[in-house]
Amino acid sequence: MSLEFLSAFKFLKKETFLHSLDPRTKLLLAVTYTISALLFQEIIPLLLILITLLPVIIIGKLFKKWLKSVKGMSFLYVFIIVLNTLFINENGLSFAIAMILRISIMISAFSLFFLTVDPNDLALSLISMKIPYEYAFSFSLAFRFVPTIAIETQNIIDAQQSRGYEMQKKGIINQIKNLFPLLVPLIVSSIKRAFNVAEALESRSFGKKGRTFYYTIKYSLKDWIFSLYLILLLIFLIYIRINFVLMPLWFRWSLPL
């Protein structure tokens, strides 16, 4: 997978309807589409679910970033197609396409979440859900450092290549060997960063009770409306899943469960 895939999970500040929604609403969106993708193993319903997600991506002005995340997963898509075509005798290609659609839905939903949720707002939303501040802060901190680690990884690759090290050698054994000059400096720098963060938190009395916040987040009318839409969509898809055997044959085109 390309490092471009990780860049598709970096928060982008924009003035759109999707960005203005409460982080809990966008978390509900990610969970709803993940559950919806797991409900089906058939191509047509999975494709329709992905199509319903496209307007949300366009409204958020994130279409190019979404394409980048899909492009970053191209290696995995090819691997799934080859693996299922070779080892599944009957309808292997159909099953592979269905799994690709399922993964695309889940990746797209969580990519929307991370692209539109500020790490600070994420921590506040988790706290408003009665999650202890220490856990909320840890999750938001990990979320914040994902793009940082991706950038640092690319810098290490560039540095190694500038020294004449061939990072793009073909073959599985060579690819495994290429990981060591990448992982060792990445692990060392990550440990140093963890110590720096720990010292900074300790100097600011992290964990002290009675903490206050500069601002709070609230559920607005548009959040309630969009959440209602997501809940109704999930109920509708569950209903279709239960009554799936009654659907037309073209709608049920897939591998048998």
Being over 29 Å from residue 27 (Cα atoms) and among the aliphatic types (A, V, I, L, M): is that true of residue 124 here?
no
Out of the residues in the range 216-246 that are outside any helix (DSSP H, G or I) and among the polar types (S, T, N, Q), which is modelled with the lowest pLDDT?
216
Here is a list of conditions, (1) modelled with pLDDT of 80 or more; (2) surrounded by 11 or more Cβ atoms within 10 Å (Cβ to Cβ), and residue 191 meets all of them except one; can you say which number that is?
(2)
Could you grab the pairs with beta carbons closer than 9 Å, sequence gap of 6+ or different chains, first residue in the range 138-160 and farther than 15 Å from residue 188 by Cβ, second one among the β-branched types (Val, Ile, Thr)?
139/131; 141/197; 143/117; 145/197
Output the residue which, of all residues in the range 67-87 that are in contact with a helix residue (DSSP H, G or I) (Cβ under 8 Å, 6 or more places away or on another chain) and touching a residue at least 60 places away in the same chain (Cβ under 8 Å), is farthest from residue 22 (Cα to Cα).
76
Those residues that are β-branched (Val, Ile, Thr), surrounded by fewer than 21 Cβ atoms within 10 Å (Cβ to Cβ) and modelled with pLDDT of 70 or more, I need them from the range 87-108; list them, please.
97, 100, 103
So which residues in the range 22-38 are among the hydrophobic types (A, V, I, L, M, F, W, C) and closer than 13 Å to residue 118 by Cα, if there are any at all?
27
Over the range 47-66, the set of residues more than 15 Å from residue 240 (Cα to Cα) and without any contact (Cβ under 8 Å) to a residue 12 or more places away in the chain is 51, 54, 55, 58, 63, 64
Some residue of the range 73-95 being within 22 Å of residue 200 (Cα to Cα) and not in a loop (DSSP other than H, G, I, E, B):
no
Failed item in (1) in contact with a Leu (Cβ under 8 Å, 6 or more places away or on another chain); (2) at pLDDT 85 or above; (3) within 30 Å of residue 242 (Cα to Cα), with residue 44 passing the rest:
(1)
If you go through the range 44-52 one residue at a time, do you hit one that is closer than 21 Å to residue 236 by Cα and within 15 Å of the chain's Cα centre (by Cα)?
yes
Surrounded by fewer than 19 Cβ atoms within 10 Å (Cβ to Cβ), at pLDDT 80 or above and among the small types (Gly, Ala, Ser): which single residue out of 36, 20, 2, 74 fits that description?
20
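The values are calculated or read from the model by the stated rules, or taken from the named source; none is laboratory data. Remember, predicted model here, so these are calculated numbers, not experimental data. Neighbour counts are summed over all protein chains in view; Cβ atoms, including those assigned to glycine, are modelled from backbone coordinates with ideal geometry.
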